[in-house]
There are 2 protein chains.
Amino acid sequence: MVKKKETKALDTTTEEKIKAAARVVFHKKGYAATRTRDIAGEAGINLALLNYYFRSKEKLFETIMFETVFGFMQNMALVLNDEKSSLEKKVELIASYYIDFITKEPNIPIFMLSEIRNNNAGGLLERLPIKQLVMNSAFFKQHQEAVAKGKIAEPNPLHFLMNLLSLVVFPFIAMPLLQGIGGLNEKQFNQLMQERKRLIPVWIKAMMKAK
Amino acid sequence: MVKKKETKALDTTTEEKIKAAARVVFHKKGYAATRTRDIAGEAGINLALLNYYFRSKEKLFETIMFETVFGFMQNMALVLNDEKSSLEKKVELIASYYIDFITKEPNIPIFMLSEIRNNNAGGLLERLPIKQLVMNSAFFKQHQEAVAKGKIAEPNPLHFLMNLLSLVVFPFIAMPLLQGIGGLNEKQFNQLMQERKRLIPVWIKAMMKAK
DNA sequence: AAACATTTTAATCATTTGATTAAAAATAAT
DNA sequence: ATTATTTTTAATCAAATGATTAAAATGTTT
């Protein structure tokens, strides 16, 4: 009985195998270019099991999309809502965390953004309270205080957020192009991104005062 | 005879109708999610004409992809290679031109970048001499001089380019998300981007000195 | 061990898709 | 006006795709 439980705990269930495979393939190819056969092949299971466990390709995709977006946003929400860290510290935490996160999962940004744009996200954005999440955050308050004290020249917090996300995320999205321009292999590109962990907070700080 | 020539000049040819429709649909949906029937419908022509004029969906896509990438890069190359404009002026020109360009064609950045990433670009990147284009440019020389004079703290021109492209392009790619965060409609978002024409050169200038 | 429930399998299905075909229509050349 | 060529049309095709089906295999309960 005890022995049987241990053995079971070590085995991955079919459902989990499918999800793991779907994550890989959807992230790489997107919804439209992914065939259910691709996922079954990646999971090493029989094709019909996708419908048995998830009912449809679409439902499976919604599950993966939700988990991907939630997993990406989770740490962002934590940092933005942390009353104890300063604005500068928040920038450092976000730059550091997301450069590592995306280095490990380089397909996630463009996957999320193109599926959102293609309306394959099933109204996911409307269902996440992201407006409240940002506008009611410690970050928002801290930004307003910094503006009031003259520490930040541009009063709109959206510009601040756009700039931070732009500097962290876009290079990964444009990676093939940037590699082409700079003649970089993957290792060299990732090194460059590691440098940006230090540089981005420096740049953001300089931008705060600039008018 | 003269009358007949005039009439013909005013009519769009079938080939051009197909290309225009393909541009719209491919930009919006990408290669995988676009059906040849979608393009035929958008062009108001018979489905078989796509194969008659372009032989295959893939060949049509390659044509549109090449024109899109070339059209996007063209002004970039002009500005980067202009010996007469300063580095600061180049930043202004690029921010201004591309914010307007993408405002008119908001699907182009994510279209190009995701098709490049999905290897649907048919080796287009390898065929464009983008490395030489940037590394042999007036921009590159000017960047080196500015570094030598201590005007720019970070010596790698790739960081400079990454930052500029990031600040200009990424907000458009993330538009649905940013609209969600800020509760913006399209007009409000575009207004924000127009502000960035002035702000981005200010920010880039501040970042140049920051160490 | 038998009965019942769940999971897996391989074949098959219904629909969709890019592409082809043959004939009609339009245009160009003689 | 006739012939040749090009363009267009609607039907059809061959292959691919998400999904279904029925039976076999495996697991659980009595």
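Coordinate-derived values only; no laboratory data. Because the structure is predicted, anything quoted here is derived from the model rather than measured. A quick note on method: Cβ atoms are made from the backbone with ideal geometry, for glycine too, and the neighbour counts reach across all protein chains shown.
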Being hydrophobic (A, V, I, L, M, F, W, C) and surrounded by 16 or more Cβ atoms within 10 Å (Cβ to Cβ) is the filter; apply it to the stretch A:33-48 and report the residue that is farthest from DNA strand C (Cβ to nearest atom). A:I39
Sole miss for B:E15 among (1) under 24 Å from A:K28 (Cα atoms); (2) among the charged types (D, E, K, R); (3) near DNA strand D (Cβ under 10 Å from one of its atoms) is condition (1)
Restricting attention to the stretch A:49-60, does a residue exist that is within 14 Å of chain B (Cβ to nearest Cβ), within 9 Å of DNA strand D (Cβ to nearest atom) and either under 30 Å from A:K151 (Cα atoms) or surrounded by fewer than 20 Cβ atoms within 10 Å (Cβ to Cβ) (or both)? yes
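Looking at B:F160, B:F189, which one is under 23 Å from A:L124 (Cβ atoms), touching a helix residue (DSSP H, G or I) at 6+ places or on another chain (Cβ under 9 Å) and within 12 Å of another protein chain (Cβ to nearest Cβ)?
Answer to the check: B:F189.
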A:E83: passes all of (1) of a type in the set (D, E); (2) over 21 Å from the mean Cα position of the chain (by Cα); (3) within 16 Å of DNA strand D (Cβ to nearest atom) but (3)
Do you know which residues across the stretch A:35-86 are of a type outside the set (A, V, I, L, M, F, W, C) and in a loop (DSSP other than H, G, I, E, B)? A:R35, A:G44, A:N46, A:R55, A:S56, A:N81, A:D82, A:E83, A:K84, A:S85, A:S86
Any helices (runs of 4 or more DSSP H) falling wholly within the stretch A:101-211 and containing at least 2 residues that are within 19 Å of A:V91 (Cβ to Cβ): A:130-135, A:138-148, A:157-173, A:186-209
Quick count over the stretch B:28-48, residues being away from chain A (no Cβ under 11 Å) and of a type outside the set (S, T, Y), is 12
Extreme residue, nearest to DNA strand C (Cβ to nearest atom), among residues of the stretch B:54-103 that are under 18 Å from B:A43 (Cβ atoms) and among the hydroxyl-bearing types (S, T, Y): B:S56
Quick check on my filter: what residues within the stretch B:168-179 are surrounded by 19 or more Cβ atoms within 10 Å (Cβ to Cβ) and within 7 Å of another protein chain (Cβ to nearest Cβ)? B:V169, B:F170, B:P171, B:I173, B:A174, B:L177, B:L178
